[in-house]
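Just below is one structure, and these are the notes that go with it.
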Amino acid sequence: MEQSLVALVHRNLMDVTALGAEGSGGTSQERHGELFFASASKAPFLNGVIRERPEGDPAELLQRAAEFFAARDRDYVVYAWPGDPALDSATFAAGMTPVMERYPEMVCRAPLRALAGDVRAVASVEDATAYWQICDRAYPSIGFPEDLFTRTYSPQLLLDADRVWACLAYDTQERPVACASLWLAAGADSQVGFIGWVGSLAQARGRGLAAACTVRATNRAFELGARIASLQASPMGEPIYRRLGYEELYAYRVMGVAPPDQPQR
């Protein structure tokens, strides 16, 4: 395993996750390389804990996490991974259960061959609204709540030109049907271009449009000076990303827990 690259993309995941939480109107708090992120949404996957290094007592970390999210009335997740086996073990000891047994961290090391498709950059509030609406309709396929994205994220988040670049693919009737985005947590100094929220409407699947958006966002990362592009793959997306040229670096295990019952007041 390429330790320097692993450290870089893992740190980038933390930075982009914090950006997304804050961009939703939520909050993120980091102390000694331990990130707690709380979205404006109660969806568990958008609330959780990521630890940068295997340092400190993981049981104590999980206790603080339980208190943090109980105070916010949130279910939450913990990112466990091979670089932090003690935390992985501690999540099971704490009674947590896998939400995603395997969540691959994948990287692309060079620009990709462009794919056919009418792909356009998100350039307006109307475009950005269409982007989140596609995600609303696409992500229930892998277990996300309906209407999560338009309720959680504003169009303006995708128009933050310093840190976010997004694109839409259109069908032959000029309707936006697929999307992908590039997140640069450190702005112009980003070494990693994070590819996220890739989706396609059900009726447009099988045409390669989400793949075309992914390639466009990936190549945009390199155009802007990123050293590497990275993403975390769902089971639906993983084979597509492999065909495009992404490779697995390692995999997270996403562990879930509900907060303890709150006392009556």
Inset, instruction - Identify the single condition in (1) in contact with a helix residue (DSSP H, G or I) (Cβ under 7 Å, 6 or more places away or on another chain); (2) assigned to a loop (DSSP other than H, G, I, E, B) that R207 does not satisfy, given that it satisfies every other one. - result: (1)
Inset, instruction - Search the stretch 130-170 for residues being polar (S, T, N, Q) and open to solvent by 40 Å² or more (accessible area, probe 1.4 Å), and hand back the single one that is nearest to G225 (Cα to Cα). - result: Q156
Legend entry - Flag for F45 being more than 16 Å from Y250 (Cα to Cα), without any contact (Cβ under 8 Å) to a residue 24 or more places away in the chain and surrounded by 19 or more Cβ atoms within 10 Å (Cβ to Cβ): no
Inset, instruction - Take the stretch 59-72 and flag every residue that is in a helix (DSSP H, G or I) and either open to solvent by 20 Å² or more (accessible area, probe 1.4 Å) or out of contact with any Ser or Thr (no Cβ under 8 Å at 6 or more places or on another chain) (or both). - result: A59, E60, L61, Q63, R64, A65, A66, E67, F68, F69, A70, A71
Legend entry - Selection within the stretch 174-187 - open to solvent by less than 30 Å² (accessible area, probe 1.4 Å), in a strand (DSSP E or B) and either within 15 Å of L13 (Cβ to Cβ) or touching a residue at least 40 places away in the same chain (Cβ under 8 Å) (or both): V177, A178, C179, S181, L182, W183
Inset, instruction - Can you give me the number of residues within the stretch 105-120 that are over 12 Å from E247 (Cβ atoms), surrounded by 13 or more Cβ atoms within 10 Å (Cβ to Cβ) and of a type in the set (A, V, I, L, M, F, W, C)? - result: 3
Legend entry - Residue check, L5 touching a residue at least 12 places away in the same chain (Cβ under 8 Å) and under 22 Å from D160 (Cβ atoms): no
Inset, instruction - List the number of the failed condition for W197; all other conditions in (1) open to solvent by less than 20 Å² (accessible area, probe 1.4 Å); (2) closer than 25 Å to L224 by Cα; (3) of a type in the set (F, W, Y) hold. - result: (1)
Legend entry - Residue check for V6: among the β-branched types (V, I, T), in contact with a helix residue (DSSP H, G or I) (Cβ under 6 Å, 6 or more places away or on another chain) and open to solvent by less than 10 Å² (accessible area, probe 1.4 Å): no
Inset, instruction - Go through the residues of the stretch 208-215 one by one and say whether even a single one is closer than 23 Å to W81 by Cα and surrounded by 17 or more Cβ atoms within 10 Å (Cβ to Cβ). - result: no
Inset, instruction - Considering only the stretch 84-107, state which residues are more than 26 Å from F144 (Cα to Cα) and either under 21 Å from the mean Cα position of the chain (by Cα) or in contact (Cβ under 8 Å) with a residue 40 or more places away in the chain (or both). - result: D84
Legend entry - Of the criteria (1) open to solvent by 30 Å² or more (accessible area, probe 1.4 Å); (2) among the acidic types (D, E); (3) closer than 30 Å to G206 by Cβ, which one D75 fails: (3)
Legend entry - Test: A93 is under 16 Å from T17 (Cα atoms), open to solvent by 50 Å² or more (accessible area, probe 1.4 Å), at pLDDT 95 or above and not polar (S, T, N, Q): no
Inset, instruction - Looking for whichever is under 25 Å from I240 (Cβ atoms) and outside any helix (DSSP H, G or I) here; the options are R53, R137, R102. Which one fits? - result: R102
Inset, instruction - Identify, from the list S230, S234, S190, the residue that is in contact (Cβ under 8 Å) with a residue 12 or more places away in the chain and surrounded by 24 or more Cβ atoms within 10 Å (Cβ to Cβ). - result: S230
Inset, instruction - Determine if the stretch 11-22 includes at least one residue that is in a loop (DSSP other than H, G, I, E, B) and surrounded by fewer than 20 Cβ atoms within 10 Å (Cβ to Cβ). - result: no
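The values are calculated or read from the model by the stated rules, or taken from the named source; none is laboratory data. Everything numeric here is computed off the predicted structure, so don't read it as measured data. Neighbour counts are summed over all protein chains in view; Cβ atoms, including those assigned to glycine, are modelled from backbone coordinates with ideal geometry. Side chains are part of the model used for accessible areas, which takes the heavy atoms of the whole protein and leaves out ligands, DNA and RNA. Shrake-Rupley method; radii C 1.70, N 1.55, O 1.52, S 1.80 Å.
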